[in-house]
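Novice: Shown below is the structure under consideration.
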Amino acid sequence: LFQTVPVGLYRTGPDGNLIDVNAALADTLGFASPAVMLSTPAHEFYVDRRDRELWKERIDREGVLHNFEMRLRRRDGREIWVRDSARAVRDADGKVTHYEGALQEITAERKAIDAVRVARERLERTVKELEHRNREMELIGEMADLLQSCPTTDEAYNVIAHFAQDLFAGDAGGLFVIGASRNLLDGVAVWGEPKLGERVFGPDDCWALRRGRIHAALSPDSRVRCSHLTEDLPGASLCIPMMAQGESLGIVHIQERPGRSWAVLGDGSLEPKHQLATAVAEHVGLALANLKLRDTLRTQSIRDPL
């Protein structure tokens, strides 16, 4: 029965060396016969040799061990998962004479469990990301609503700084607006204690304004960092141009703070951060353009054009 039962059976001595194995176990571990397997040191079967000591410790403590799962190495080098149920056989004095047990391969089962776990974790991450994105959209909506009610640009700058603190939680940044002369940008709002360097600079000092699109410096020592960032930065940075009605209004600048790490995609981009920063810059740019148009109309309505 020991040799013909289709379940892997074995006996080992107290030192862990194999005493007897059946044909099913030899086949599971890739041996042509039990005799060939018995000539192999038992410790060579364990992928993690600590499993042997843990296995022995639990058997000695509990008497019978059920569903102890571990990795073993076949003769061809392939690793497999097995479920082992074993017990210690003792003499009249309570001394362990040998261990015996049944072993079953569960590699396919483990792969299925791991696949389900990975899928569940991926789904949980997706749900959290969606919840986070929904919260960001809610904050952007609230900010846009308040900006529409701001009578002055100074009040609008305070609103932008307040919501940027929540939207870019843990990061620092600033809002730079192009003046009426069109040759200088001025820092009108900051959040998170950024290292901005120059608070007033020309449009040519920012790659985002030169190129008309978002510019990222993925490391503090990047050679394509904007010239207006004269201080040493702790991490990556983004400059996002604000455009409205075909006109450049300034930039939104964001800095990675110490202890944080922005998610970088395989192509080297900061896509999640890009999307949020672009959405914020669009709403802020549109709100500032509306305020500017409102001021222009107010001035025209109360002043003689001559």
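Novice: With a 1.4 Å probe and all protein chains in place, put His228, His274 in order of accessible area, largest first.
Specialist: The ranking, largest first, comes out as His274, His228.
Novice: Kindly express, to the nearest 10 degrees and within the range 0 to 90, the angle between helix 50-62's C-alpha long axis and the longest C-alpha principal axis of the chain.
Specialist: 60 degrees
Novice: Using only Cα atoms, tell me the angle between helix 271-302 and the longest principal axis of the chain; keep it within 0 to 90° and round to the nearest 10.
Specialist: That works out to roughly 10 degrees.
Novice: Can you tell me the length gained on complete extension of the stretch Gln104 to Arg52, counting 0.36 nm per residue apart and subtracting the Cα distance?
Specialist: 17.1 nm
Novice: Of Asp93, Asp76, Asp51, which is the most mobile in a GNM of the chain whose springs link Cα atoms less than 10 angstrom apart?
Specialist: Asp93
Novice: First select every other residue whose beta carbon is under 14 angstrom from the beta carbon of Pro151; then total the charges, Lys and Arg +1, Asp and Glu -1.
Specialist: Summing Lys and Arg as +1 and Asp and Glu as -1 gives 0.
Novice: Let me ask another. For the chain, what does the helix formula give at 222 nm: sum of -39500 (n - 2.57) over DSSP H segments with n ≥ 4, over the residue count, nearest 500 deg cm²/dmol?
Specialist: -13000 deg cm²/dmol
Novice: Also: First measure r as the distance between the Cβ atoms of Val7 and His132, then evaluate 1/(1 + (r/R0)^6) with R0 = 51 Å and state the FRET efficiency to the nearest 0.05.
Specialist: Calculated transfer efficiency: 0.55.
Novice: Follow-up. In 10 Å bins starting at 0, how do the alpha-carbon pair distances of the stretch 105-245 split up by percent?
Specialist: Computed distribution, short to long bins: 10, 30, 29, 15, 9, 6, 2, 0.
Novice: Moving on to the next point. What number comes out for accessible area per residue over the chain if the probe is 1.4 Å? Units Å², please.
Specialist: Spelled out: the 1.4 Å probe surface of the chain, per residue, equals 56 Å².
Novice: Among [x] 30; [y] 50; [z] 18, which is the computed percent of Cα pairs over 36 Å apart?
Specialist: Only one listed value fits the structure, namely [y].
Novice: Give the angle, between 0 and 90 degrees and rounded to the nearest 10, that separates the Cα long axis of helix 153-167 from the longest principal axis of the Cα atoms of the chain.
Specialist: 0 degrees
Novice: Roughly how many whole Å is it from the C-alpha centroid of the stretch 219-259 to that of the stretch 40-94?
Specialist: About 57 Å separates the Cα centre of the stretch 219-259 from the one of the stretch 40-94.
Novice: With the dipole of the stretch 37-156 worked out from charges on the C-beta (+1 for Lys and Arg, -1 for Asp and Glu) around the Cα centre, which of Ala86, Leu130, Ala108 lies farthest toward the positive end?
Specialist: Ranked along the dipole, the leading option is Ala86.
Novice: How would Thr12, Thr28, Thr4 line up by accessible area, probe 1.4 Å, largest first?
Specialist: Thr4, Thr28, Thr12
Novice: Quick check: at a probe of 1.4 Å, how many percent of the accessible area of the stretch 170-214 sits on carbon and sulfur atoms?
Specialist: Ligands and nucleic acids excluded, carbon and sulfur give 47 percent.
Novice: Tell me the carbon and sulfur percent of the accessible area for the stretch 1-155, rounded to whole percent, probe radius 1.4 Å.
Specialist: Carbon and sulfur: 52 percent of the exposed surface of the stretch 1-155.
Novice: Computed over the Cα atoms of the stretch 106-153, what is the ratio Rg over Rh, Rh following Kirkwood?
Specialist: 1.50
Novice: I'd like the accessible area for Asp20: 1.4 Å probe, protein heavy atoms, all chains in place, Å² to the nearest 10.
Specialist: 40 Å²
The values are calculated or read from the model by the stated rules, or taken from the named source; none is laboratory data. Computed from a predicted structure; not experimentally measured. Cβ coordinates were reconstructed from backbone atoms using ideal geometry, including for glycine residues, and neighbour counts include every protein chain displayed. Ligands, DNA and RNA are excluded from the accessible area calculation, which covers all protein heavy atoms including side chains. Shrake-Rupley method; radii C 1.70, N 1.55, O 1.52, S 1.80 Å.
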